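> The structure under discussion is supplied below as structure tokens; questions concerning it will follow.
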Amino acid sequence: MLAIIFTGLFFSSAFAADLDVCPTGCAYSSIQAAVNEASDGDTIRVAQGLYFENIRIQNPITVTIQGGWDSTFSTRSSDPALTVVNGMGLYSVFYIRAYNDENITVTIEGLTITNGCDRDGGGIYAAAYAGSSCTTDSSLNLLLSNNRIVGNWASNGGGGIYVDASTYSNNGRAMIDLILSNNRIADNSACNRGGGPYIRGYSSPSYTKESVLRFGLMGNEIN
């Protein structure tokens, strides 16, 4: 069984430190390197440019990733076409997963996410999983705002975005809060289902807990 609730919930971080990413001359030359060093509440500021990466976020954290910054990190453009993350046709561009008992909150703003390729979620793979060994809920809060998620591919589901809350537990459930705000999700493809976004929840009938999905869609172009 699955509970689906529409919500207007947003996520924010307090007391954030800034981690700056640019091709040369910054503390970090890749988004993944900044993610690896980030602490709860940090903001990863990504300078305009092209980044060839497959980014994985799999540890409990609250983090914001912002594109559009100029080379001095003094001003920020709202045009997501200026900051491009290219998955090189290898894996999901962003792979975000909250496993047993983990809580992850990620905000992604102002990026072009393209050329990702995987079984599920060519552009973004986002999942919460609660297995039989978990002791409490596993939760993923994901806010995607003002991004271009274009030109990605999945051999199964969710060419642009794949979201999955799966529960196999008597002790905790998988919970996902998803907000899609002012994104362009276009020209993605999947061989099975969800050429653009694919959102699913599953709860094993062998266990008592139910997965929960709460999501809101506002001002997006999805085609």
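> Amide H neighbours of Y95 under 5 Å, at least 5 residues apart or on other chains, H built in the peptide plane: list them.
I55, R56, I57, Y125
> Does the range 149-219 come out rounded, prolate or oblate by the C-alpha gyration tensor, with a ≥ b ≥ c the root eigenvalues, rounded set by a/c under 1.5 and, if not, prolate when a/b is larger than b/c and oblate if not?
oblate
> While we're looking at this one, here's another question. So, how do all the Cα-to-Cα distances of the range 89-223 break down into 10 Å bins, in percent, from 0 on up?
In whole percents, the pair-distance histogram is 15, 43, 31, 10, 0.
> Report the full-extension gain for the segment D40 to D70: residue separation times 0.36 nm, less the Cα-Cα distance, to one decimal in nm.
Result for the pair: 8.4 nm of gain on full extension.
> S133 to S29: extension gain in nm, 0.36 nm per residue of separation minus the Cα-Cα distance?
Numbers: separation 104, 0.36 × 104 = 37.44 nm, distance 3.77 nm.
Net length gain for the segment: 33.7 nm.
> If I model a spin label at N182 and N170 as a point 7 Å from the Cα along the Cα→Cβ vector, what separation in nanometres do I get?
4.8 nm
> Can you pull the percent of the chain's accessible area that's carbon plus sulfur, 1.4 Å probe, other chains left in place? Before the final figure, lay out each step's value.
Values: 4450 of 9300 Å².
That fraction is 48 percent.
> If each residue of separation counts as 0.36 nm, what is the full-extension length gain between R56 and M218 once their alpha-carbon separation is subtracted?
Between R56 and M218, full extension yields an extra 55.7 nm.
> Probe 1.4 Å, all protein chains in place: accessible area of R119 in Å², nearest 10?
Spelled out: R119, probe radius 1.4 Å, area about 140 Å².
> Rounded if a/c is under 1.5, else prolate if a/b beats b/c, else oblate: with a ≥ b ≥ c from the C-alpha gyration tensor eigenvalues square-rooted, which is the range 124-179?
Because a/c hits 1.5 or more and a/b fails to exceed b/c, the range 124-179 counts as oblate.
> If you count only protein heavy atoms with a 1.4 Å probe, what accessible area per residue comes out for the range 125-183, rounded to a whole Å²?
Dividing the accessible area of the range 125-183 by its residue count gives 25 Å².
> Further, regarding this structure: Averaging over all projection directions, find the projected area of the Cα convex hull of the range 1-153 and quote it in nm² with one decimal place. Spell out each step's value before the answer.
Details: hull surface 39.9 nm².
Here the figure is 10.0 nm², rounded to one decimal.
> Kindly work out what percent of the DSSP beta bridges joining two residues of the chain are antiparallel, to the nearest 5.
0 percent
The values are calculated or read from the model by the stated rules, or taken from the named source; none is laboratory data. What you see is a predicted model, and the numbers here were worked out from it, not measured in a lab. With ideal geometry, Cβ positions are generated from the backbone for all residues, glycine too; neighbour counts draw on all protein chains shown. Surface areas here come from the heavy atoms of the whole protein model, side chains and all, with no ligands, DNA or RNA. Shrake-Rupley method; radii C 1.70, N 1.55, O 1.52, S 1.80 Å.
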